[in-house]
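To start, the structure itself, in structure tokens.
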Number of protein chains: 2
Amino acid sequence: MNIYGSGVTNLIEQLSKLPGIGSKSASRLAFYIINMPEENAELLAKSIINARKMVKYCSVCQCITDSEVCPICSSKSRDNSIIMVVEDSRDMAAYEKTRQYKGLYHVLHGAISPMNGITPNELKIKELLERLKSDDVKEVIVATNPNVEGEATALYLSRIIKPLGINVTRIAHGVPVGGDLEYVDEVTLSKALEGRTSM
Amino acid sequence: MNIYGSGVTNLIEQLSKLPGIGSKSASRLAFYIINMPEENAELLAKSIINARKMVKYCSVCQCITDSEVCPICSSKSRDNSIIMVVEDSRDMAAYEKTRQYKGLYHVLHGAISPMNGITPNELKIKELLERLKSDDVKEVIVATNPNVEGEATALYLSRIIKPLGINVTRIAHGVPVGGDLEYVDEVTLSKALEGRTSM
């Protein structure tokens, strides 16, 4: 149905292609956009084109950035003997927010998933091994997601990195802080028990 | 924090200004966009600019359209003796989806709300009265939202239109089809009782 005219209908169609945006949200967003001041709508449109055009991957850690080497890899204050391996740049940003980690990162851009046809060759593992050769890395922390694909990737990485004489660690599984034990699943509870630490 | 570089950060900022999009959704959308084929990102950006530029209001019913007179107002098969008054173009689209209504519409672009400084002058009421003068309208159906502002607007309209000798009706209040009586609020239940029809 084309009540609103082709401009709005086309915008609704484009917006509803985005993840998590259904047809109702798309029409709400479209109406918000057409009621925006024209310069704001242009800012939004330009930011889409610019972000898509400017996107680059750090030549060292493969994270999303807009320079050749990302600010973290080019920082002198980071500990370059530790590399944390994450699935994507957002996981890296999440760890950066903790302000606890001072080492470097490596972004795989996914996890091994034979079901979805993603083999180690699709991931930035070759680039990681290259870094392990040249840098004086003492520890690789595997911070892939705690799901089937993430665990498989962690196992794969530990198998190929350990023979290089580098320490491979995995982030702890356990109950989330602030959570309620009652609502935590059995696997997590068992993992939390296994990984208990002395007080 | 500007880990991702200015392009992506700027896009996240622009997206999070949209209604219902928080910072997490904005970053998810931004990452989806930068991983899109470049031509799709451009299509999205262009549709924003086009929709904003092309947006026009029907000179008759004030709905959003891209022509001078909207397809409904210019249709010969609609009954021009009935006008349904709605708050915005989306409400009109919702009624169009029912395929039950064959009359015309009038879009107010809001509802009377003294709290938000919206008086009858801000709404397209003058344009409605103009139509009532010239057209041979027999009935005005007030389909503003069933909330305080919508009811106030309905009352206001009925007071100024009735003296013109035109029948003013209000859409029925009652229990929604498919709903569960148990979860329906008291006011709706009372309204449903008041408005009971013989079977």
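Observations, loosely collected:
- Neighbourhood charge, 9 Å Cβ-Cβ cut-off, centred on A:I112 and excluding it, Lys, Arg +1 and Asp, Glu -1: -2
- Sorting B:V55, B:V69, A:V85 on solvent-accessible area from highest to lowest, probe radius 1.4 Å, gives B:V69, B:V55, A:V85.
- A loss of 50 Å² or more of accessible area (1.4 Å probe, protein heavy atoms, ligands and nucleic acids excluded) relative to the isolated chain is seen in these residues of the range A:84-108: A:R90.
- Protein heavy-atom accessible area occluded, A/B pair - total, 1.4 Å probe, Å²: 4900 Å²
- Compared with the dominant Cα axis of chain A, that is its longest principal axis, helix A:125-134 is turned about 50°.
- Protein accessible area in the range B:6-54, 1.4 Å probe - carbon and sulfur %: 51 percent
- Convex hull per residue volume in Å³, alpha carbons only, for the protein assembly as shown: 231 Å³
- Other copies of A:E186: label-to-label distances in nm, shortest first, labels 7 Å along the beta-carbon direction: 4.6
- Considering only B:N116, B:N35, B:N147, the Gaussian network model of chain B with Cα springs below 10 Å gives its largest mean-square fluctuation to B:N35.
- In the context of the full set of protein chains, residues of the range A:36-117 present 49 Å² of accessible surface per residue (probe radius 1.4 Å, heavy atoms only).
- When the solvent-accessible area of the range B:67-160 is split by element, carbon and sulfur atoms take up 52 percent of it, the probe being 1.4 Å.
- Axis of helix B:38-54 versus longest Cα principal axis of chain B: the two differ by about 40°, to the nearest ten degrees.
- As a length-normalised measure over Cα pairs under 8 Å and 6 or more apart, the relative contact order of the range A:72-199 settles at 22 percent.
- A from B by rotation - nearest chain B beta carbon to the axis, in Å: B:A45, 2
- Cα centre as origin, Lys/Arg/Asp/Glu Cβ charges: chain A dipole, Debye: 400 debye
- A 1.4 Å probe, protein heavy atoms only, puts the accessible area of A:H173 near 60 Å².
- Label-point distances for B:P19 to the equivalent site in the other copies, using a point 7 angstrom along Cα→C-beta, read 2.6 nm when ranked shortest first.
- All aspartates and glutamates inside 13 Å of B:K53 as judged from Cα atoms, apart from same-chain residues fewer than 8 positions distant: A:E38, A:E39, A:E42, B:D66
- By DSSP, the beta bridges lying fully in chain A are antiparallel in about 20 percent of cases.
- When all protein chains stay in place and ligands, DNA and RNA are ignored, the 1.4 Å accessible-area order of A:M54, A:M36, A:M115, largest first, is A:M115, A:M54, A:M36.
- Listed pairs A:K17/A:K133; A:K102/B:K46; A:K97/A:K124; B:K124/B:K191; A:K46/A:K126 exceeding 32 Å between Cα atoms: A:K17/A:K133; A:K102/B:K46; A:K46/A:K126
- Chain A: angle of helix A:23-34 to the longest principal axis, Cα-based, in degrees nearest 10: 60 degrees
- Across the identical copies, how the A:N145 labels are spaced - nm, sorted shortest first, 7 Å along Cα→Cβ: 3.5
- Computed over chain B, the ratio Rg/Rh where both radii use C-alpha atoms and Rh is Kirkwood: 1.07
The values are calculated or read from the model by the stated rules, or taken from the named source; none is laboratory data. Just so we're clear, the structure is a prediction, and the values are computed from it rather than from any experiment. Positions of Cβ are generated from backbone atoms using ideal geometry, with glycine treated the same way; all protein chains shown enter the neighbour counts. SASA here: full protein model, heavy atoms, side chains in, ligands and nucleic acids out. Shrake-Rupley method; radii C 1.70, N 1.55, O 1.52, S 1.80 Å.
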